[in-house]
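Working notes, beginning with the structure itself.
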2 protein chains.
Amino acid sequence: MMTGTGHRGGDTAGGASAHRPTLATVAERAGVSVSTASLAFSGAGPITPETRDRVLGAAKELGYTGPNPLGRQLRSGRSGVVGVVVGDQLRRAFRDPVAVKVLDGLVSTLGENGLGVLLIPGIPSDDPERAVDPLVESAAMDVAVLVWGVGTDDPTLDALRRRGVPVVVGEGRPVEGAPLVAIADRTGTAEVVRHLVGLGHTRVAEVSLPLDSSDRSGPLDAHRLAQVDRTPTANRLAGVRDVVEPVASWETEASLVEHGRSAALALLGRPGEDGTVEPLDAAARPTAVIAHSDLLAAGALLGVRELGLRVPDDVSVAGFDGLDLPWLAPDVLTSVEQPLARKGAELGRAVIGLLAGEEPGTVTLDVELVVGTTTGPAPA
Amino acid sequence: MMTGTGHRGGDTAGGASAHRPTLATVAERAGVSVSTASLAFSGAGPITPETRDRVLGAAKELGYTGPNPLGRQLRSGRSGVVGVVVGDQLRRAFRDPVAVKVLDGLVSTLGENGLGVLLIPGIPSDDPERAVDPLVESAAMDVAVLVWGVGTDDPTLDALRRRGVPVVVGEGRPVEGAPLVAIADRTGTAEVVRHLVGLGHTRVAEVSLPLDSSDRSGPLDAHRLAQVDRTPTANRLAGVRDVVEPVASWETEASLVEHGRSAALALLGRPGEDGTVEPLDAAARPTAVIAHSDLLAAGALLGVRELGLRVPDDVSVAGFDGLDLPWLAPDVLTSVEQPLARKGAELGRAVIGLLAGEEPGTVTLDVELVVGTTTGPAPA
DNA sequence: CCGTCGGATCGAAACGATTCGAGACCGAGC
DNA sequence: GCTCGGTCTCGAATCGTTTCGATCCGACGG
């Protein structure tokens, strides 16, 4: 396998201390002061090339690979770490390509500025009675990013503010003193619904994102509607109602394919004789389904197919996000495209800005209706 | 919105220093020494309840929320951070549910032990000429986890060893002095191929995982086969050949649905007249496709459908991973199920063990053949 | 030839906590 | 009354770096 030197590195020589060399060791070896040695590495401040080379040489001989980040961090008061609170359990958050794309943009932008991303579960993975993950309380981080829905009285947010960790919010309700990166949720949703109405649809059914963290699913009535405590959800619900009052609405527990499918079966079908589900009569059936996310829409599409209905002849389906979903072939989902990677990048920029002392502001990104093959004229 | 106190916290009183209180501040206020105050928080060492309460009270008055992690880290020499190197670009790594599930298990296990996960791109996101991400060189971490394929002369691995950061390897070739968590890749692959052969298939086509990081795709011949430099790939290639020599093999650039689809079109079809792809003649066509991953298999399945062929009547398709892919309905993929979350958990355990000074060992997890609806008898 | 200026180097003081050994205090036993 | 032992508290050292101000030196101008 030939991986070269052993595990510990070559301190087999007449090592004074068995431990890892420090800047002081290097300085001594090079015959300079610690401060000069520091200069040689950081490059801040004047230093003769010869001196620097001498220090770097001594470092190489000793196997010193650069200043210990811990010391540097204590001195500078910064850890170079940005905590990213992923809304829910990690598993579920990452099953959603939307989340992944945003995260990708975020990591890239932060990486370019030498910042690392520390993953923090929004809900403690171990102890369900605890309100927040222990990392929230005690991990070193310069800024925290809250993506995907800050509820009111969010315990994680509270803990972070108590600690004095600056916060950046994405896709959430505004938080005082924190930059916000949002998208034009409401108008975008309204636009796609207007597209459906323009095609002659009057009986529109809705598949909603989760209203809160309660894991509830089922029909969404006016009473429940008043309890919505998540921002993207609230905006999209409102966007739909800006144009039309849905004939039926279904609340899901998570934005995943399987939940979209169940919703479609519930909205467009009824239990059959032998335990199967059969479609409602055409006269009573909604002719269009607007889902709050593409994953939900994709599930709905599968559900519609499963009921033996044709898309878009019998039922039109539209989503939100603008994901590329090749496995829906031959269908291409009508959707509202949002710039996900850019959203991540803007979150990153907001973090950098905050660290640079800029005043927090709000960024709202535009979205665009993209018409696919899953929407068509309402059946006659 | 009523979020309560302002952003900075209430240091509007006659604040001596505008800055955040330290343990020294608290100690002074409580009338005890710094060391005693430390005891009050850490709980290590004897302390009278009254003294502790006095310290905690003072802390609350001053808005001190606990010891600064940076100071603690410098003293203890540990950062509480585990770097996780995700093989490729983040985007691609996270589009693979396999990666996500492993990561989820890992984060849970580490979280229970107070360790956080720092995301490190395996390939630098910004500067393509640079060999490793800057975080690899200078971020504080106690251990690094390399998941998904360590090549020979992996620059990231080299950099970590140079720094003296202990390493845990998952799904890779063994690394000296580093714990390894692997699965029974080869025997599992052999088992599913044996299943196909048992059904009478003799013309088996193979869709391979990437052989290295070159982003190549295309037919896989003996020459190229000798260049394989990734471990799960090497094992699965070998597992197939333990049972049968494939009539055709196709190398993909990533384990994603679209690449599986292209592979299937290339292996089972040929360019038609009007730019479309039409299936090969039944006599020449492979009757089974074994893909090295479920995502590739799913793509292959879509490709097969697209060619107008029936599964499993015309072509059987099998994968590896045991993912739940509801959108393939009504088909259920025949696959080899591997315990993904457990793999993550074992990686976490290895990290903990390493930090506790245990000797690194190897863990190999078992896999299980799960027969679905996508494999059947070879056509007569 | 002296004063001054600027660049390179050095010392020492943070940064904020943990930890070890020493000391203070108190009660009990002889 | 004195010593011993046990508990709690304190001082000081330490972790490894950065940075500020002082110092030292050679060179240049007057």
Handout entry: Position B:Glu50, label points 7 Å along Cα→Cβ, spacing to each other copy in nm (shortest first, one decimal)
Key = 6.7
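Restricting the count to DSSP beta bridges whose residues both fall in the protein assembly as shown, what percent are antiparallel, rounded to a multiple of 5? Mind showing how you got there, number by number?
Numbers: 19 of 83 bridges.
Here the share of antiparallel DSSP bridges comes out near 25 percent.
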Problem - Once exposed loop GluC sites (Glu not before Pro) are cut out (DSSP; at most 14 other Cβ, 10 Å), longest piece of chain A - result: A:1-128
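What value does the stretch A:23-67 have for Rg/Rh, both radii from Cα atoms and Rh as Kirkwood defines it?
Result for the stretch A:23-67 is an Rg/Rh of 0.90.
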Fill in the blank from the handout: Each residue of A:159-168 has, on average, a number of other protein chain C-beta atoms within 10 Å of its C-beta equal to 3
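What value does the stretch A:223-362 have for Rg/Rh, both radii from Cα atoms and Rh as Kirkwood defines it?
Computed over Cα atoms, the ratio is 1.08.
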Fill in the blank from the handout: Label points for A:Thr187 built 7 Å along Cα→Cβ; distances to same position in the other copies, nm, shortest first, come to 6.2
Fill in the blank from the handout: Counting only DSSP beta bridges with both partners in chain B, the antiparallel fraction in percent, to the nearest 5, comes to 20 percent
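Within a Cβ distance under 15 Å of B:Ala30, other residues only, what is the Lys/Arg minus Asp/Glu net charge?
After counting each charged neighbour, the total is 0.
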Problem - For A:Val145, distant residues with modelled amide H under 5 Å away - result: A:Gly83, A:Val84, A:Val85, A:Val168
Handout entry: Sorted by Cβ neighbour density within 10 Å, fewest at the top, the residues A:Lys343, A:Lys60
Key = A:Lys60, A:Lys343
Fill in the blank from the handout: If A:Ile47, B:Ile183 are placed from fewest to most neighbouring beta carbons inside 10 Å, the sequence is A:Ile47, B:Ile183
Problem - Order of A:Leu199, A:Leu325, B:Leu333 - criterion: other Cβ atoms within 10 Å of each residue's Cβ, fewest first - result: A:Leu199, A:Leu325, B:Leu333
Practice task
In debye, nearest 20, what is the charge dipole magnitude of the protein assembly as shown about its Cα centre with +1 on Lys and Arg Cβ and -1 on Asp and Glu Cβ, if you could check?
Solution key: 2200 debye
Exercise for the section: Calculate the length of the line joining the C-alpha centroid of the stretch A:56-98 to that of the stretch A:327-347, in whole Å. Expected result: 30 Å
Handout entry: chain B: relative contact order as a whole-number percent, Cα under 8 Å and 6+ apart
Key = 16 percent
Exercise for the section: Using the 7 Å Cα-to-Cβ label point, sort the distances from B:Asp366 to its equivalents in the other copies shortest first and give them in nm to one decimal. Expected result: 5.9
Completion exercise
The answer for B:Val336, listing residues at least 5 apart or on another chain whose modeled amide H is closer than 5 Å to its amide H, is B:Gly319, B:Phe320, B:Asp321, B:Gly322, B:Val370
Completion exercise
For the stretch A:249-256, Karplus-derived ³J(HN,Hα) couplings (6.51, -1.76, 1.60; θ = phi - 60°; whole Hz; x for glycine and proline) come out as 9, 10, 8, 10, 8, 6, 8, 10
Exercise for the section: Taking only Cα atoms and a 10 Å spring cutoff, compute GNM fluctuations for chain A and point out the largest among A:Val193, A:Val257, A:Val32. Expected result: A:Val32
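Give the value in nm², to one decimal: projected area of the alpha carbon convex hull of the protein assembly as shown, averaged over all directions.
With the hull built on Cα positions only, its mean projection is 38.9 nm².
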Exercise for the section: Grab the eigenvalues of the alpha-carbon gyration tensor for chain B, scale each by 5, take roots, and send me the semi-axes largest first in whole angstrom. Expected result: 54, 21, 19
Handout entry: Under-5 Å amide H pairs with B:Val117, H placed in peptide plane, nonlocal only
Key = A:Leu119, B:Val82
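Quick note: the coordinates plus some simple rules give every number you see, no bench work behind them. As the structure is a computational prediction, the values presented were derived from the model and not from experiment. Quick reminder, even Gly has a Cβ in these numbers, built from the backbone with ideal geometry, and neighbours come from all protein chains shown.
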